[in-house]
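Down below is the structure, laid out as C-alpha cells.
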Amino acid sequence: MKRSLICLLALLFTLPALAERKHSVGEHDVHYIAFNSSFLQPDIAAAAGLVRSKAQGVVNVSVIKNGKPMAAQVSGAVRNLLGQDYPLTFRQLKEGDEAIYYLAQFPFESRETLRFNLNVQPTGAAPINFDFTQEFFPDE
C-alpha cells in the first residue's frame, strides 16, 4: 500500500499539465506540488493518513541533492485572497532510501487562488524559503 502511495505521488510530479514545480538553491532541489485531496484513491489516502474531501488540498514536498532524497524540516502556511492564513503541518512519509516526502493538508472553501509560503531546511544545510500560488477548484 505504501509503495502505491509513493507511486501515485511520483506520478503527480510528472503530470504534463502541471509542469515541473521545483525551487533550486545550490545543490538542493525542492520539488513541490499542491492538489485536491479528492484526486487520491480512498485506499491511498487512508494509507497516508490523508482526508479525502472536495474542500481539502494536499501539499507534497521532497528535497533532492545529487539525485538522492534528503531529510528536511518542512513548515509553511497557505493564505487565501482574503488574507486568512492557515499553518501547514507536514508529516514525513519515507520509503527506505528511495524516497522521502513531506505531506500537509489544508482547507479551501470555493474556487480560489491560494498563496503558499514554504520553509524547507535540508539536514545540514541553510533554510530554503519560497512562495508559490495555485488555483483550486472544489469537486462538485
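Ratio of Rg to Rh for region 29-140: 0.97 [Cα atoms; Kirkwood radius as inverse mean 1/r over pairs]. You can think of it this way: the chain between ALA126 and GLU98 has 7.8 nm of extra reach, that is 0.36 nm per residue less the Cα-Cα gap. Distance in nm between label sites at ARG21 and THR89, each 7 Å beyond Cα in the beta-carbon direction? Spacing of the two 7 Å Cα→Cβ label points: 2.2 nm.
The label-point distance for GLU135 and ALA55, in a model that sets each label 7 Å from Cα toward Cβ, rounds to 2.1 nm. Among the lysines of region 21-136, pairs that are 8 or more positions apart or on different chains and have alpha carbons within less than 24 Å of each other number 5.
If only the Cβ of Lys and Arg carry +1 and only the Cβ of Asp and Glu carry -1, the dipole of region 28-140 around its Cα centre is close to 220 debye.
Bear in mind these aren't lab numbers, they're just calculated from the coordinates by the rules spelled out. Just so we're clear, the structure is a prediction, and the values are computed from it rather than from any experiment. All Cβ positions, even for glycine, are placed from backbone atoms using ideal geometry, and neighbour counts span all protein chains on display.
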